[in-house]
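Single-structure report; data block below.
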Protein chains: 2
Amino acid sequence: MKLGRLNHIGVATPSIKASIAHYRDTLGATDIEEPFDLPEQGVKVCFVNTPTDSGMNGTQIELIEPLGEQSAITGFLAKNPLGGQHHVCFEVPDIETARAEFEQQGKRILGPTRIGAHGTPIFFVHPKDMQGMLTEIMETPKGEGH
Amino acid sequence: MKLGRLNHIGVATPSIKASIAHYRDTLGATDIEEPFDLPEQGVKVCFVNTPTDSGMNGTQIELIEPLGEQSAITGFLAKNPLGGQHHVCFEVPDIETARAEFEQQGKRILGPTRIGAHGTPIFFVHPKDMQGMLTEIMETPKGEGH
């Protein structure tokens, strides 16, 4: 694959509400999206947008809060009660091609390809095969990416 | 402050050489800078550049490897032998203004303002005051930022 945009970094938090206040009041974020539920992953999600040199299309902060008992981040928050950096997400033009390449390299992919927080297909690769970083691979939304 | 660019995410690694191979061969990075020593922080540093919609000015991956016995990341790697996400770094137009604002909010700043990997002044804020994330605040290099 060719490295695409660092779409977002996933940041676990016990409270999206408190995190929104933090990003707005302490860090001065001016563009925070509406939170929404992503029940497939067992998380509530909120994107904080950051600038680049040419607009607000920078790497997003994806705030994720547990949703329900089966949340994927319950264990992470048990170890890190304040929250913290949970994963990174890179874009690719075609998810199936990327998945085949990771499989060919023997990287452990976590579960099936599914629809992620941006409405496009995603999969996760095991942190032990990615230098300690849980890594999400995401297909670039149509009409974006150049 | 007003949230600036997410300049980089700091990623600790036991071996920059192995990480370069990972980013090049597994993730397909095409723009990896030359590693250099930053003895003030006790780290060797290597930037992996990522694209945005308009160029290669995306959030960088800052690979950091311990340099010497007094490295700031020795403890982190003892807990995370494979490496992993170590800190995030946001840009500000003026470092002294930003420092005063964090101090006014009672955030614990770690040590003096000093020169960081991009040659501009930086300081770090304690992860316990930043929702579990060690946070670097960096003055935007002159001639960049709009």
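Data table
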| read-out | value |
| --- | --- |
| Residue match in segment A:4-14 (condition: farther than 30 Å from A:Thr97 by Cβ and either within 12 Å of chain B (Cβ to nearest Cβ) or among the aliphatic types (A, V, I, L, M) (or both)) | yes |
| B:Glu91, sole failed condition from (1) of a type outside the set (Val, Ile, Thr); (2) closer than 25 Å to B:Ala29 by Cβ; (3) touching a Ser or Thr at 6+ places or on another chain (Cβ under 9 Å); (4) open to solvent by 40 Å² or more (accessible area, probe 1.4 Å) | (4) |
| Of residues in segment B:100-117 being within 14 Å of another protein chain (Cβ to nearest Cβ) and in contact with a helix residue (DSSP H, G or I) (Cβ under 9 Å, 6 or more places away or on another chain), the one surrounded by the fewest Cβ atoms within 10 Å (Cβ to Cβ) | B:Gly106 |
| Any hit, segment B:81-88, residues being of a type in the set (Gly, Ala, Ser), modelled with pLDDT under 95 and touching a Gly at 6+ places or on another chain (Cβ under 9 Å) | no |
| Evaluation of B:His86 against (1) open to solvent by 20 Å² or more (accessible area, probe 1.4 Å); (2) facing another protein chain (nearest Cβ under 9 Å); (3) in a loop (DSSP other than H, G, I, E, B); (4) touching a strand residue (DSSP E or B) at 6+ places or on another chain (Cβ under 8 Å) (one fails), failing number | (3) |
| Odd one out for B:Gly42 among (1) at pLDDT below 95; (2) open to solvent by 50 Å² or more (accessible area, probe 1.4 Å); (3) in contact with a Leu (Cβ under 7 Å, 6 or more places away or on another chain) | (2) |
| Any hit, segment A:8-23, residues being closer than 19 Å to B:Gln60 by Cα, part of a loop (DSSP other than H, G, I, E, B), in contact with a Ser or Thr (Cβ under 7 Å, 6 or more places away or on another chain) and open to solvent by less than 50 Å² (accessible area, probe 1.4 Å) | no |
| Options A:Glu40, A:Glu34, A:Glu69, A:Glu65; residue that is among the acidic types (Asp, Glu) and not in a loop (DSSP other than H, G, I, E, B) | A:Glu65 |
| Positions within segment B:106-130 being in contact with a Ser or Thr (Cβ under 6 Å, 6 or more places away or on another chain) and either assigned to a helix (DSSP H, G or I) or without any contact (Cβ under 8 Å) to a residue 24 or more places away in the chain (or both), in sequence order | B:Val125 |
| Failed item, numbered, when B:Gly55 is tested on (1) within 10 Å of chain A (Cβ to nearest Cβ); (2) more than 15 Å from A:Met133 (Cβ to Cβ); (3) among the small types (Gly, Ala, Ser); (4) in contact with a strand residue (DSSP E or B) (Cβ under 7 Å, 6 or more places away or on another chain) | (4) |
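The values are calculated or read from the model by the stated rules, or taken from the named source; none is laboratory data. For clarity, every value in this text was computed on a predicted model and none was experimentally measured. Cβ coordinates were reconstructed from backbone atoms using ideal geometry, including for glycine residues, and neighbour counts include every protein chain displayed. Surface accessibility is based on the protein's heavy atoms, side chains included, excluding ligands, DNA and RNA. Shrake-Rupley method; radii C 1.70, N 1.55, O 1.52, S 1.80 Å.
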